[in-house]
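The values are calculated or read from the model by the stated rules, or taken from the named source; none is laboratory data. Note that the structure is a prediction, hence the values are computed from the model and not measured. Positions of Cβ are generated from backbone atoms using ideal geometry, with glycine treated the same way; all protein chains shown enter the neighbour counts. Note: areas computed on protein heavy atoms with side chains; ligands, DNA, RNA excluded. Shrake-Rupley method; radii C 1.70, N 1.55, O 1.52, S 1.80 Å.
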Amino acid sequence: MAKVVLENVTKRFGKVIAVNNVSLEAEDKEFLVLLGPSGCGKTTTLRIIAGLELADEGNVIIGDDVVNDVPPAARDIAMVFQNYALYPHMTVRDNISFGLKLHNIPTAEINDRVADAAQMLGLQDYLKRVPKELSGGQRQRVALARAIVRKPKVFLMDEPLSNLDAKLRVQTREELIKLHQTLGVTTIYVTHDQVEAMTLGSRVAVMENGFLRQIGKPRQVYDNPTNKFVAGFVGTPPSNFVPVNLVLSPTPGLDIEGQHIPLSASQQQAAKAVPAGSYSWGVRPEDLLVDSQSNMPEVAATFNAKISFVEMMGSETFIHTTLAGATVVVRASSAFEYGLGDIVRLVVNVARTHLFHTDSGEAVF
């Protein structure tokens, strides 16, 4: 097993900077997720680690070795692709064992490894089939088995679940977690799906426009976003952003259309480090309570809001309204009984909210 380190890695395609001075570490046996929207540089970062792309600047270190000039086949990594990349004319057994044959592994050992991987992924009954005779989930398991039999230092996975339906994605996520617990191989996993990132990753690295915006444990990234992009990208529904004015005297607080919002003690302390003026207030949907009379937050703000749209989700309800001209989504219980056009009382749990600079998007608190 091995640690993977990127040191100030940059990759350009002409005038486009796909990866911009990225530094990160995937610890030995860690499951690290690279998360971000399409075009953020996460797949390019993975391909640089694999050796399929060469970094223009910086170093790639696997274990104790700088591998910038080491070809992909010699990096002791195994990659699982989004499109499975199976050989259509080969059986499942041959697809799984192909890489081992190229490395001149003895036949008896190949058979043992294939049998173990097939048992682990429930492929024993499909070894004689060809890919066209398999479902999407079965093909994905074959691709995983082909990586597993290699016994590499590092697994690299490029959106391997994106072609599966919703139910199968949940099932395969569970299989991936169990596999990682069993094998203990350092894994770097690329996805645009923040649910996958939060459920799979021991840590999550969020990327935007080639930059690494934040890296940390899933709960840390969710509860303490370092900038507005992370707050808006991680979470379903995403965080709401409301324009506010920060006032610093007599005590720091927020003004929204003439209404003063108190802050918690820690928020007040952080606010003193920045000038008064216009900011963006981040409020997650679950931190907006509807018609709450009991269990009021220690630091609360209340608003009257008109419902513009209601989404019934079964176990919960999403209420759409506006606050200071900004669209706001509220997460309510499935028992919510109000309808379009009704006025509701919203209570904000202020201590769980965040404040962001309007221009840079960096967090104040």
Of those in the stretch 155-208 that are charged (D, E, K, R) and closer than 18 Å to Met120 by Cα, the residue most open to solvent (accessible area, probe 1.4 Å) is Lys178
Can we say Phe365 is surrounded by 13 or more Cβ atoms within 10 Å (Cβ to Cβ), in a loop (DSSP other than H, G, I, E, B) and under 26 Å from the mean Cα position of the chain (by Cα)?
yes
Which numbered condition trips up Leu212, out of (1) over 27 Å from Ile17 (Cα atoms); (2) not in a loop (DSSP other than H, G, I, E, B)?
(1)
Among residues belonging to the stretch 324-337 that are surrounded by fewer than 19 Cβ atoms within 10 Å (Cβ to Cβ) and free of Cβ contacts under 8 Å to residues at least 60 places away in the same chain, point out the one that is nearest to Gln220 (Cα to Cα).
Ser333
Do the conditions hold for Thr358, that is, is it modelled with pLDDT of 95 or more and open to solvent by 20 Å² or more (accessible area, probe 1.4 Å)?
yes
Taking the conditions exactly as written (crowded, with 21+ Cβ neighbours inside 10 Å, of a type in the set (D, E, K, R), within 22 Å of Val204 (Cα to Cα) and under 22 Å from the mean Cα position of the chain (by Cα)), does Lys29 satisfy them or not?
no
Starting from residues that are touching a Gly at 6+ places or on another chain (Cβ under 8 Å) and touching a residue at least 60 places away in the same chain (Cβ under 8 Å), keep the ones in the stretch 119-151 and report whichever is most open to solvent (accessible area, probe 1.4 Å).
Arg150
Restricting to the stretch 212-248, give me the number of residues that are of a type in the set (Val, Ile, Thr) and over 24 Å from Val5 (Cβ atoms).
5
Considering the stretch 82-118, residues that are open to solvent by 70 Å² or more (accessible area, probe 1.4 Å) and outside any helix (DSSP H, G or I), and then whichever is farthest from Asn163 (Cα to Cα), we arrive at Pro106
Given the structure, is Leu340 over 28 Å from the mean Cα position of the chain (by Cα), open to solvent by 60 Å² or more (accessible area, probe 1.4 Å) and touching a residue at least 12 places away in the same chain (Cβ under 8 Å)?
yes
Residue, surrounded by the most Cβ atoms within 10 Å (Cβ to Cβ), within the stretch 251-291, restricted to residues that are assigned to a helix (DSSP H, G or I) and in contact with a Phe, Trp or Tyr (Cβ under 6 Å, 6 or more places away or on another chain)
Gln267
In the stretch 294-337, which residues are of a type in the set (A, V, I, L, M, F, W, C), under 25 Å from Ala265 (Cβ atoms) and in a loop (DSSP other than H, G, I, E, B)?
Met296, Val299, Ala324
Within 27 Å of the chain's Cα centre (by Cα) and without any contact (Cβ under 8 Å) to a residue 12 or more places away in the chain - does that describe any residue in the stretch 278-293?
no
Qualifying residues in the stretch 156-174 (those that are under 14 Å from Ala143 (Cβ atoms) and part of a loop (DSSP other than H, G, I, E, B)) - the one modelled with the highest pLDDT:
Glu159
Selection count where residues are part of a loop (DSSP other than H, G, I, E, B), of a type in the set (A, V, I, L, M, F, W, C) and surrounded by 20 or more Cβ atoms within 10 Å (Cβ to Cβ), scope the stretch 215-250:
1
Condition (residue is open to solvent by 60 Å² or more (accessible area, probe 1.4 Å), more than 30 Å from Glu133 (Cβ to Cβ), out of contact with any helix residue (DSSP H, G or I) (no Cβ under 6 Å at 6 or more places or on another chain) and not in a strand (DSSP E or B)) applied to the stretch 9-26: is it met by at least one residue?
yes
Thr302 - would you say it is under 26 Å from Thr358 (Cα atoms) and in contact with a His (Cβ under 7 Å, 6 or more places away or on another chain)?
no
Report, by residue number, each residue of the stretch 34-74 that is in contact (Cβ under 8 Å) with a residue 60 or more places away in the chain, open to solvent by less than 60 Å² (accessible area, probe 1.4 Å) and outside any helix (DSSP H, G or I).
Leu34, Leu35, Gly36, Pro37, Cys40, Gly41, Ile62, Gly63
Give all pairs with beta carbons closer than 8 Å in which a residue from the stretch 77-99 that is touching a residue at least 12 places away in the same chain (Cβ under 8 Å) and at positive phi meets a residue that is of a type outside the set (D, E, K, R) and open to solvent by less than 70 Å² (accessible area, probe 1.4 Å); count only pairs at least 6 apart in sequence or on separate chains.
Tyr84/Pro131; Tyr84/Gln140; Tyr84/Val142; Tyr84/Ala143; Ala85/Ala143
